[in-house]
Amino acid sequence: MNNTVILSEEKGKDDQKTAFKEEVFNGLSKSPKSLPSKFFYDDQGSQIFSDITNLDEYYPTKCEYNIFANHKESIISKIPAYGKINIIELGAGDGQKTKVLLEEILKSKRDVEYIPIDISSFAIKSLLDDLKQNFPELKTFGVVGEYSPGLKWVREHKKGRNLVLFLGSNLGNFPQDQATLFLKEIRNALNLDDFLFIGLDLKKDISVLLKAYNDSKGLTSQFNLNLLERMNRELSSNFNLESFKHFGTYDPIKGTMESYLISTKNQKVLFKEDDRTFFFRAHEPIHTEYSWKYTPQESVELSEKCQFGVVDHFTDSKRYFLNALWKAL
Ligand SMILES: C[S@@+](CC[C@H](N)C(=O)[O-])C[C@H]1O[C@@H](n2cnc3c(N)ncnc32)[C@H](O)[C@@H]1O
């Protein structure tokens, strides 16, 4: 991949494994146990997530498509047409929805470069291959790495004005205090009058949320359990996938969906290479994901806290999802 930089390679494979292991051991030593959701996205996890987005019950992707399809002209018209624009997408995944916006912006013959950043090399490679086929005229450059170093790399290497895309409910994966900190970090990486276009999953009927995160085909369960399989593959652990169950629930006080893996019995798991054992009681949870839900008013408050101003809000016909265009103040 010659139009891609792999930031994690700078660390080396052994360092990456050590970093993964440290975060896993740290999370499994806590009470309650937890694992960071960014580790869902190895090649298998990225593929399963892509399949989840096609499920009938998984509304966020469809709603965001609906918003882009209905408002693409208005969204793009808010971005001034002069000079080069870097469209930097954080956690791009398969980028399927983004193509609607890219097609629209290409129509206006502007000088744009699309720069997706994702921790998954599989996601970046598939997306760049797809874009090469479908938009051969589009300048692209992929960054494989985490959000913060990825953004820093782009700021150091790419000149021009910036439009950062943070779509889906990626921001929702951060606990609220960390979400604010991360938005401030994005703001600090931008120049005055740059833009952030952000996806915020809206608070809604809880039954809709519960169905989306406990789908009838069991893909969300597979996605969650893949984290255990990934540790077995990469960290020589011996999790028995039959003895853990996916559990997705909504906390109405915090306003967040939460995913857990629940141990179905008393058991121990050995990480053989390190001779490290962790004990799990029957019914003990491992917290694996937050998916925070917002209100339009919270978009306004968050933008103000993080030195952005709301340019516009776009919602789908069911008002399930919000895309907010913020400008750096
Ligand atoms: C829930 S998916 C959403 C993908 C896409 N934005 C969408 O709306 O369909 C999250 C994506 O963010 C990436 N990701 C998660 N945590 C990340 C991190 N800390 N740094 C970079 N990418 C991350 C994952 O690999 C995955 O492709």
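The values are calculated or read from the model by the stated rules, or taken from the named source; none is laboratory data. Everything quoted here is computed from the prediction, not taken from an experiment. Neighbour counts are summed over all protein chains in view; Cβ atoms, including those assigned to glycine, are modelled from backbone coordinates with ideal geometry.
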**Complete:** Heads up, the helices (runs of 4 or more DSSP H) in the range 6-121 (entirely inside) with at least 3 residues that are within 22 Å of W292 (Cβ to Cβ) and within 12 Å of the ligand (Cβ to nearest atom) are 43-52, 59-77
**Complete:** Selection from the range 169-194 of residues at pLDDT below 95, within 16 Å of the ligand (Cβ to nearest atom) and of a type in the set (D, E, K, R) yields none
**Message:** Looking at the structure I just gave you, is S126 polar (S, T, N, Q), assigned to a helix (DSSP H, G or I) and more than 10 Å from the ligand (Cβ to nearest atom)?
**Reply:** yes
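For (1) among the hydrophobic types (A, V, I, L, M, F, W, C); (2) in contact with a Lys or Arg (Cβ under 9 Å, 6 or more places away or on another chain), each residue gets a yes or a no:
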{"site": "S8", "(1), (2)": "no, no"}
{"site": "V24", "(1), (2)": "yes, no"}
{"site": "K38", "(1), (2)": "no, no"}
{"site": "D43", "(1), (2)": "no, no"}
{"site": "F49", "(1), (2)": "yes, no"}
{"site": "D56", "(1), (2)": "no, yes"}
{"site": "E64", "(1), (2)": "no, yes"}
{"site": "P80", "(1), (2)": "no, yes"}
{"site": "T98", "(1), (2)": "no, no"}
**Request:** Return the residue satisfying two criteria in turn: it lies in the range 173-188 and is surrounded by 14 or more Cβ atoms within 10 Å (Cβ to Cβ) and in contact with a strand residue (DSSP E or B) (Cβ under 8 Å, 6 or more places away or on another chain), and of such residues it is nearest to K327 (Cα to Cα).
**Result:** R187
**Selection count where residues are out of contact with any Cys (no Cβ under 8 Å at 6 or more places or on another chain) and hydroxyl-bearing (S, T, Y), scope the range 158-181** = 1
**T295 being at pLDDT 95 or above, closer than 19 Å to S169 by Cβ, exposed (fewer than 15 other Cβ atoms within 10 Å of the Cβ) and touching a Gly at 6+ places or on another chain (Cβ under 9 Å)** = yes
**Complete:** From the option list I119, I115, I124, I52, single residue qualifying as farther than 30 Å from H287 by Cβ and surrounded by 18 or more Cβ atoms within 10 Å (Cβ to Cβ) is I115
**Prompt:** Just one of D94, D111 is under 19 Å from I67 (Cα atoms) and among the acidic types (D, E); which is it?
**Reply:** D94
**Complete:** Checked the range 135-149 for anything part of a loop (DSSP other than H, G, I, E, B) and away from the ligand (no atom under 16 Å from the Cβ); matches are F135, P136, E137, L138
**Condition check for F308: surrounded by fewer than 21 Cβ atoms within 10 Å (Cβ to Cβ) and aromatic (F, W, Y)** = no
**Request:** Kindly indicate whether any position in the range 200-207 is assigned to a strand (DSSP E or B), surrounded by fewer than 22 Cβ atoms within 10 Å (Cβ to Cβ) and at pLDDT 95 or above.
**Result:** yes
**Asked** Can you pull out the residues in the range 272-285 that are in contact with a Leu (Cβ under 6 Å, 6 or more places away or on another chain) and touching a residue at least 60 places away in the same chain (Cβ under 8 Å)?
**Response** F278
**Request:** Please enumerate the residues belonging to the range 242-253 that are more than 20 Å from the chain's Cα centre (by Cα) and over 18 Å from G27 (Cβ atoms).
**Result:** E242, S243, K245, D251, P252, I253
**Request:** For the range 246-276, enumerate the residues that are closer than 18 Å to L209 by Cα and either not assigned by TED's automatic domain parsing to the domain that holds F25 or not in a strand (DSSP E or B) (or both).
**Result:** P252, I253, K254, G255
